[in-house]
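Right, one structure below, let's go through it.
The values are calculated or read from the model by the stated rules, or taken from the named source; none is laboratory data. Keep in mind that what you see is a predicted model, and the values were worked out from it rather than measured. Cβ: placed from backbone, ideal geometry, glycine included. Neighbour counts: every protein chain shown.
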């Protein structure tokens, strides 16, 4: 069995060239996957090949090269559709990232909001699922309200969102609910399906920030019944600068265009312009068509990591990593982890954010860098959540399915060494 | 020791270490042993902008030399500041402004700091030079007003007129000297200045402001010891008192 494990792990890791790289002369241990993932050779080859053999603007010209490019772009859209089980092509909009996807909804959906209306968000939100709503609220006099975490309520230190508050917070003033599938800080998987059902019972549409969720959970947007689901290509092994917005057809039809430009129009006159049908209505200008097309090999790689024998082996490995990390961090009385699953009934993904008492997170990250370990320090774009734990920065180690238990062990060993140097 | 010599000393100290972990251990130890900044120095205006970790830098002058104290919530950052302080402490503002330090590159610190921290380092250096510049300007001001003997009476007279040409009438865009509002400028042997001046009209509501402006400008003129101003409306001012430049300026010629 051990043989099989190491065979699968080395096969998987062999497909991702960056993982066998060096940093500061040491073997790279890349644990900043919540920020971005390393790319498999299939994606790298695809990008290079597409630049050479099918680089032409999409949806525009009559020549073969342009046809090829359009085909790749639309094939990637189809791949995304199948990957998240969306009903149709019109539900998949390419954007430049999760941030843009959320901004698109916040801007266009919220135009019908007025004074007194509420936008409900979570206490574990990433800045990109906070600020777009604040901007929208500012424009139309609506209010952004926050479902607090247990820490914010003084009811505990787990960092879970207190969804028991939902019944009282989901008033008829709430016009949209913006959820986080998996927090990029706590790594806790929110029960989005249940919450969406509650919101829908009151007629409230729901957006889900899936930047982390798409990597760690199998997403079926129809089963989840979310109205919008937003994620980025680069966090799931694709190119940077590409995002996806899934939206239900009837909502997307009602929403006005986000940006004006080429490709999003049907006919243009100086008097009146009519818009292209979905999804192009929301894809003004030349899209990042090669980057978007890379989603096909990227999602194929994600499926390879998720399904079958490889998927089972990596899931087991992830379980070992989560147990090891949880125990190792809990065994140090100076460590406080922001996001603990025990007692919450929630699942924990391998995202570990924490502080060591008396030690600056930036100092730790800097020493770990010298030991070849790449981790994130700072606020991780979730200032309110980090602050709620009484901290103004933290250290985060985030694992992808291609990471190994051995890497987790190296991380803990290096962390101990860094701590001893700094204390 | 000069700034260059201290830098050289640091470079030699770092050359003993053959790997980065040891260098960092040394920087960390420096950070730990750094004297703690007084709480009053940890005020917001001493916070350096552009650092990922919070850094406070305070500066005082003693006998024409600058002394720095600093603190940070990150110990590596603190160690690096302590190196900067060691290089710059006890030097004059001019020496600090003129210095171009290269020990940071020589010991490989810049390329071994994460870009966010390297930016912080640039901000720290900038702040140190800004302090030096501010103290230099303050010193020069003190020298200028305290050293009146080095100007002759004629020079002071010229300086006063130059200063008067910087004061403008609130209603007419011409300076008070060219406007002909200044009837008399007398500089005594002791560099005390007497000015007799008028306003364009006896009912000028801004008279106090103009007299104040004149007083401030002349007091600040190099070599001036004291200023006395007499306001008069005898004889009354008229347009013929303006200089040719002023009349040209106002399109009266």
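Conditions (1) outside any strand (DSSP E or B); (2) in contact (Cβ under 8 Å) with a residue 12 or more places away in the chain; (3) farther than 23 Å from residue A:192 by Cβ, marked per residue:
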site	(1), (2), (3)
A:106	yes, yes, no
A:111	yes, yes, yes
A:116	yes, yes, yes
A:146	no, yes, no
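Here is a list: A:65, A:72. Which entry is outside any loop (DSSP other than H, G, I, E, B) and either more than 19 Å from residue A:297 (Cβ to Cβ) or in contact with a strand residue (DSSP E or B) (Cβ under 7 Å, 6 or more places away or on another chain) (or both)? The conditions single out A:65.
Within segment B:1-56, being surrounded by 14 or more Cβ atoms within 10 Å (Cβ to Cβ) and under 26 Å from the mean Cα position of the chain (by Cα) holds for B:3, B:4, B:37, B:41, B:42, B:46, B:48, B:50, B:51, B:54, B:55, B:56. Of the residues in segment A:76-91, at least one is assigned by TED's automatic domain parsing to the domain that holds residue A:212, crowded, with 18+ Cβ neighbours inside 10 Å and outside any helix (DSSP H, G or I).
Can you say whether residue B:110 is assigned by TED's automatic domain parsing to the domain that holds residue B:41 and assigned to a loop (DSSP other than H, G, I, E, B), as far as the supplied structure shows? Yes. Just checking, does segment A:119-126 include any residue being in a loop (DSSP other than H, G, I, E, B), more than 26 Å from residue A:337 (Cα to Cα), assigned by TED's automatic domain parsing to the domain that holds residue A:260 and at pLDDT 95 or above? The answer is no; no qualifying residue exists.
Every listed requirement among (1) assigned to a helix (DSSP H, G or I); (2) over 19 Å from residue A:219 (Cβ atoms) is met by residue A:59 save one, (1). The strands (runs of 3 or more DSSP E) found wholly in segment B:154-252 and carrying at least 2 residues that are in contact (Cβ under 8 Å) with a residue 12 or more places away in the chain and within 22 Å of residue B:141 (Cβ to Cβ) occupy B:192-197, B:226-231.
Of everything listed in (1) within 14 Å of residue B:236 (Cβ to Cβ); (2) under 32 Å from the mean Cα position of the chain (by Cα), the single unmet condition for residue B:183 is (2). Looking at A:203, A:243 in this structure, which one is surrounded by 22 or more Cβ atoms within 10 Å (Cβ to Cβ) and assigned by TED's automatic domain parsing to the domain that holds residue A:170? A:243 is the lone residue from the list that is surrounded by 22 or more Cβ atoms within 10 Å (Cβ to Cβ) and assigned by TED's automatic domain parsing to the domain that holds residue A:170. When we screen A:337, A:359, A:310 for residues that are within 23 Å of residue B:26 (Cα to Cα) and in contact with a helix residue (DSSP H, G or I) (Cβ under 8 Å, 6 or more places away or on another chain), the only hit is A:359.
Restricted to segment A:304-401, the set of helices (runs of 4 or more DSSP H) holding at least 1 residues that are closer than 27 Å to residue A:83 by Cβ and within 14 Å of chain B (Cβ to nearest Cβ) is empty. Scan segment A:284-297 and tell me whether some residue there is touching a residue at least 24 places away in the same chain (Cβ under 8 Å), away from every other protein chain (no Cβ under 14 Å), loosely packed, with under 13 Cβ neighbours inside 10 Å and within 30 Å of residue A:57 (Cβ to Cβ). Within segment A:284-297, one or more residues are touching a residue at least 24 places away in the same chain (Cβ under 8 Å), away from every other protein chain (no Cβ under 14 Å), loosely packed, with under 13 Cβ neighbours inside 10 Å and within 30 Å of residue A:57 (Cβ to Cβ). Does residue A:129 qualify as being in contact (Cβ under 8 Å) with a residue 12 or more places away in the chain and within 24 Å of residue A:390 (Cβ to Cβ)? The answer is yes for residue A:129. Which of the helices (runs of 4 or more DSSP H) contained wholly in segment B:1-102 include at least 1 residues that are within 14 Å of another protein chain (Cβ to nearest Cβ) and farther than 25 Å from residue B:133 by Cβ? The helices (runs of 4 or more DSSP H) meeting that bar are B:20-33, B:75-88. When segment B:98-123 is filtered for residues that are under 18 Å from the mean Cα position of the chain (by Cα) and either surrounded by 15 or more Cβ atoms within 10 Å (Cβ to Cβ) or under 21 Å from residue B:14 (Cβ atoms) (or both), only B:99 remains. Within segment B:135-145, identify whether any single residue is assigned by TED's automatic domain parsing to the domain that holds residue B:233, touching a strand residue (DSSP E or B) at 6+ places or on another chain (Cβ under 6 Å) and either part of a loop (DSSP other than H, G, I, E, B) or more than 23 Å from residue B:249 (Cβ to Cβ) (or both), and answer yes or no. No: segment B:135-145 contains no residue that is assigned by TED's automatic domain parsing to the domain that holds residue B:233, touching a strand residue (DSSP E or B) at 6+ places or on another chain (Cβ under 6 Å) and either part of a loop (DSSP other than H, G, I, E, B) or more than 23 Å from residue B:249 (Cβ to Cβ) (or both).
Surrounded by 13 or more Cβ atoms within 10 Å (Cβ to Cβ), farther than 19 Å from residue A:388 by Cβ, at pLDDT below 95 and in contact with a strand residue (DSSP E or B) (Cβ under 9 Å, 6 or more places away or on another chain): is that true of residue A:363 in this structure? So residue A:363 passes the test.
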